[in-house]
1. Tell me, what % of the accessible area of the range 158-268 is carbon and sulfur with a 1.4 angstrom probe?
2. By the scheme Lys and Arg +1, Asp and Glu -1, what is the net charge of all other residues having a beta-carbon under 15 Å from that of residue 202?
3. Looking at 19, 29, 3, which one has the Cα that reaches farthest to the positive end of the dipole of the range 1-163 (charges on Cβ: Lys, Arg +1; Asp, Glu -1)?
4. Relative contact order (percent) for the chain, with alpha-carbon contacts under 8 angstrom and 6 or more residues of separation?
5. Probe radius 1.4 Å, ligands and nucleic acids ignored: give me the carbon and sulfur share of the accessible area of the range 1-150 as a rounded percent.
6. Just going by the charge dipole of the chain, with Lys and Arg at +1 and Asp and Glu at -1 on Cβ, which of 199, 54, 148 is farthest out on the positive end?
7. Give the long-range amide H neighbours of residue 179: residues separated by 5 or more places, or on another chain, with amide H under 5 Å away, using H modelled in the peptide plane at 1.01 Å from N.
8. What whole-number volume per residue, in cubic angstrom, does the convex hull of the C-alpha atoms of the range 152-228 give?
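The values are calculated or read from the model by the stated rules, or taken from the named source; none is laboratory data. Keep in mind the model is a prediction, meaning the values are calculated, not measured. No Cβ is skipped: glycine too gets one built from the backbone with ideal geometry, and neighbour counts run over all protein chains shown. Note: accessible area is taken over every heavy atom of the protein model, side chains too, but ligands, DNA and RNA are not part of it. Shrake-Rupley method; radii C 1.70, N 1.55, O 1.52, S 1.80 Å.
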Amino acid sequence: MITDWHTLNREPSLPALYVRAATRRKITGTTLPDTGLHCWVNVDPKRLAAYRTVCGFADDGLLPPTYPHILAFALQMQLLTAKEFPFPLLGLIHLSNRIRVLRPMGGVNRVRVSVQVQNLQPHAKGATFDLLTTLDDQLGTLWEAQSMMLCRGVKLDGEPVEEVLAPTLEMMEVTRWNAPADIGRQYAKVSGDYNPIHLSAVSAKLFGFPTAIAHGLWNKARTLAALADHLPTANIEIAVQFRKPVRLPSEVTLLASAAGSSGDFRLVGAGDLEHMVGHWRPVA
């Protein structure tokens, strides 16, 4: 598929996009648009500092490896609420996320964000697609990500094929932390992601959840902050699959293999309930 790229002069307005998302509740087709969006974005030091606080990252002079998701969020919203996009944004489920940090992200003040969607595939519960995001600076590609999203109720021809991450290395407990009842609201303030399933038990019940659940990308960010001493700062790919949601409030435990160029990790709750599994590897 050839992408039809459009360049925006400024970041989209999130309030307007949330209004658009709230009014789009039906599946309108089974074909992904070939549109991609570019936009130059500035790094706001105050927002970055607030993000570090909420997610547990130390201020080491580098952008946290998950922070580019924050820089890209408005552009992703613009793409996923466009008329040509066939699925309602509210109700999409984030199944997995893979990021690649290609160069150390120090001294990053302004980047070009690019977003597009590809790879529509049948799934046992509907259909999945990949949301692709790239950050470039003046020297070229700095960071890239692939998020697999599920839309329930879509019917496509073909047999579902599901990749399952299976840790193989020996792991031991690294740390544990409490995910407080208000962490969804705290993360929403720094990320812009005000999905109702994360904000309160009342709003989450409207979408079939008994209580609010933590953002998947907060779980990943909090995990990578805790593994900072384990991970290289560049030439690294970090992949996760989200399993059972982290209901708020709750305590979770992080298990990981030893520090090195490759490793595995798991985030588990009470009774060894598996919330997230993942690994880090050198970029191939």
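1. Ligands and nucleic acids excluded, carbon and sulfur give 53 percent.
2. Neighbourhood net charge equals +2.
3. Result: 19, furthest along the dipole toward the positive end.
4. 18
5. Of all accessible area on the range 1-150, carbon and sulfur atoms account for 52 percent.
6. It is 199, whose Cα lies furthest towards the positive end.
7. Under 5 Å from the amide H of residue 179: 250, 251, 252.
8. 159
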